[in-house]
Amino acid sequence: MKFLLADDHAIVRDGVRRIIEAEFPFANFTEVATATDMLAIQSKDEHDIIISDINMPGLDGLEGVKKIKSYNKGSKVIILSMYPAAQYGVRAIKLGANGYVCKQNATDELITAIKAVSNGKRYISAELADLLAESIDTDRSKIPHENLSERELAVFKQIAAGKKISEIAEQLFISPNTVSTFRTRILKKLHCDSNAELVKYALEHQLI
């Protein structure tokens, strides 16, 4: 079985590899530190399962899932994130992820998720199943940040982390003017008037 591990922390990739090797001793691994590299490698040499973080330099893991699924719906992607399912689980599944596992639960859940996904199923924890059910009933009254596009969300998280427009542009490979345009849209959608209010919103909703 061929795995593609995408996480910007080598120690996390090493831990994930060890968990997988204990169950699949003959597994092959390719490791990358960015979603951009994940996309480039998967487009040339398809892997059986991709395990991706969300927060990585440049393109984030959620955008990576969306792009991978746009050119190959059969690709199997498990999001492995520090964020609880309540933050990004529903969004990840709706973008096409085949599973969502929190890093703190990786030892207990990752192998179960891999087996489910490799058999053509999705791995949905009981918590995430409840959240998905709730999302069906609440789509009309979304939390404001759930109305952000994937690129707007990526810019929002960078702003909330205190990054300057020039830094965000470099990280996301877009122009500073485009970042400013996204910022204007984000402020409007989140009903905020300043970067300080964006930071406060992000903290209150545990997005950073």
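Note down the net charge around residue 32, summing +1 for each Lys or Arg and -1 for each Asp or Glu among other residues with Cβ under 11 Å from its Cβ. Its environment carries a net charge of -4.
Computed from Cα positions, the angle between helix 85-94 and the longest principal axis of the chain comes to roughly 80 degrees.
Each Lys or Arg adds one and each Asp or Glu subtracts one; over the other residues with Cβ under 12 Å from the Cβ of residue 55, this totals -3.
Could you size up the charge dipole of region 144-204 around its Cα centre, putting +1 on the beta carbon of Lys and Arg and -1 on that of Asp and Glu, and report it in debye to the nearest 20?
Working: 9 positive and 8 negative charges, 22 e Å.
So the dipole magnitude of region 144-204 works out to roughly 100 debye.
Taking the longest Cα principal axis of the chain as reference, the axis of helix 176-189 is set at about 80 degrees. Measuring between alpha carbons in the structure, the pairs from 115/163; 121/189; 66/103; 76/189; 67/157; 2/164 lying more than 28 angstrom apart are 115/163; 121/189; 76/189; 2/164. On full extension, the segment bounded by residue 45 and residue 112 gains 21.6 nm, given 0.36 nm per residue less the C-alpha separation. Positive end of the dipole of the chain (Cβ unit charges, origin at the Cα centre): among 165, 52, 86, the Cα lying farthest that way belongs to 165. The long axis of helix 150-160 is offset from the longest Cα principal axis of the chain by roughly 70 degrees.
Take the alpha carbon atoms of region 144-204, find their radius of gyration, then divide it by 2.2 N^0.38 Å using N residues; give the quotient. Don't skip to the end; give the middle numbers.
Working: Rg = 10.3 Å, N = 61, 2.2 N^0.38 = 10.5 Å.
This ratio for region 144-204 stands at 0.98.
Can you pull out the chymotrypsin sites (Phe, Trp or Tyr not before Pro) in region 3-90 that DSSP calls coil and that have at most 12 other Cβ atoms within 10 Å? Write down the numbers at each step before the final one.
Working: sites: 3, 26, 29, 71, 88; in loops: 26.
The qualifying sites are 26.
The amide H of residue 50, built 1.01 Å from its N in the peptide plane, has 4, 76, 77, 78 as neighbours under 5 Å, considering only residues 5 or more places off or on other chains. Scoring 108-116, 198-206, 60-68 by mean Cβ neighbours within 10 Å over their residues and listing the highest first yields 60-68, 108-116, 198-206.
Coordinate-derived values only; no laboratory data. Keep in mind the model is a prediction, meaning the values are calculated, not measured. Cβ: placed from backbone, ideal geometry, glycine included. Neighbour counts: every protein chain shown.
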